[in-house]
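Structure, as structure tokens:
Laboratory data are not the source of any read-out in this text; all were calculated from the coordinates shown. Keep in mind the model is a prediction, meaning the values are calculated, not measured. Here the Cβ positions follow ideal geometry from the backbone for every residue, glycine too, while neighbour counts run over all protein chains shown.
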Amino acid sequence: MRVLLINGSPHADGCTYTALREVEKTLNKQGVDTHIYHIGKQPVWGCISCLACNKTGVCAFGDDPANTIIKLMKEADGVVIGTPVYYASINGALGALLDRVFFAAGSQFRYKPAAGIVSCRRGGAGSAFDRLNKYFTISGMPVVSSQYWNGVHGMTPEEVREDIEGLQIMRTLGINMAWMLKNIAAGKESVPLPDQEEWTPTNFVRQ
């Protein structure tokens, strides 16, 4: 079993990483392999609704991390996405990437357990956390919970490490993710994946 942890902060070793690392250490103690992927600081494309991905399953823009993230998410058994909170929402670069990743390949992530975590100085965590969860729920990914909403507080990694409850939330999330993955693995042979109805999009247009 392998969990992909995505660091959506421009800072490789900042507050978001500190929270992800706490989840990672717990997963490793539970016997789950992990990989932390940092999106970096390079410019990223926003979705232009060209719909090319409908035919290919990958984004038409191949010069930023979107298609790498798609590949890593397809290979992983579970996913944790971490973001700093900027103006009560997720990091803009991460949002641009996730819009394209999930539009291009969201159906390929169905039934992979997923969790979002947020890092903020003081406020805005709830709305950022909500946005991350919407990527998962539109894609049929079971959302892994913790003992509270998945967030840490602090302006620096040192301050995050002083958020005792926040770090406990991260550890509980790691325990719950490992538990869900092990249950899915144990039940694969005896409990097949459910049949899906064909998608019937409705655009609320009235004649």
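Using a cutoff of 8 angstrom between alpha carbon atoms and counting only pairs six or more residues apart, the relative contact order for the range 2-186 works out to 26 percent.
Determine the shape class of the range 1-60: with a ≥ b ≥ c the square roots of the Cα gyration tensor eigenvalues, call it rounded for a/c under 1.5, and otherwise prolate if a/b is greater than b/c, oblate otherwise.
Oblate shape, in that a/c is at least 1.5 and b/c is the bigger or equal ratio.
Based on other C-beta atoms within 10 Å, arrange Ser139, Ser127 from fewest to most.
Working: Ser139 19, Ser127 14.
Lowest count first: Ser127, Ser139.
Suppose we flag chymotrypsin sites (Phe, Trp or Tyr not before Pro) only when DSSP calls them loop and at most 15 other Cβ atoms lie within 10 Å. Which is the longest uninterrupted stretch of the chain? That gives 1-86 as the longest site-free run.
The distance from the alpha carbon centre of the range 84-115 to that of the range 1-74 is 9 Å, rounded to a whole number. Cα extents for the range 70-149 along the principal axes, largest to smallest and rounded to whole angstrom: 35, 28, 18. Residues in the range 7-21 carry Karplus couplings, in order, of 8, x, 8, x, 9, 5, 10, x, 5, 4, 4, 4, 5, 4, 5 Hz; the curve used is 6.51 cos²θ - 1.76 cosθ + 1.60 with θ = phi - 60°, and Gly or Pro positions show x. Only lysines eight or more places from Lys41 in sequence, or on another chain, were considered; none has a Cα closer than 18 Å. Cross-link partners for Lys134 among the lysines, with Cα-Cα distance under 22 Å and sequence neighbours closer than 8 places in the same chain left out: Lys71, Lys74, Lys112. Within the range 120-200, the proportion of C-alpha pairs whose separation exceeds 14 Å stands at 73%.
Ranked from highest to lowest mean number of other Cβ atoms within 10 Å per residue, what is the order of the peptides 70-77, 117-124, 90-97, 190-197? Can you show the working numbers first?
Numbers: 70-77: 17.4, 117-124: 19.9, 90-97: 22.1, 190-197: 7.5.
Descending mean neighbour count gives 90-97, 117-124, 70-77, 190-197.
The aspartates and glutamates within cross-link reach of Lys25, meaning a Cα-to-Cα straight distance under 12 Å and a gap of 8 or more places when in the same chain, are Asp33.
Put simply, the amide H of Ile6, placed in the peptide plane, has neighbours under 5 Å in Tyr37, Val80, Ile81, Gly82, leaving out anything fewer than 5 places away on its chain.
If you stretched the chain out fully between Arg161 and Arg2, how much longer would it get, using 0.36 nm times the residue separation minus the C-alpha to C-alpha distance? Walk me through the numbers before you get to the answer.
Values: separation 159, 0.36 × 159 = 57.24 nm, distance 2.53 nm.
The span from Arg161 to Arg2 would gain 54.7 nm if fully extended.
Placing unit charges on the Cβ atoms of the charged side chains and taking the dipole of the chain about its Cα centre, the candidate lying farthest along the positive direction among Pro65, Pro157, Tyr86 is Pro65.
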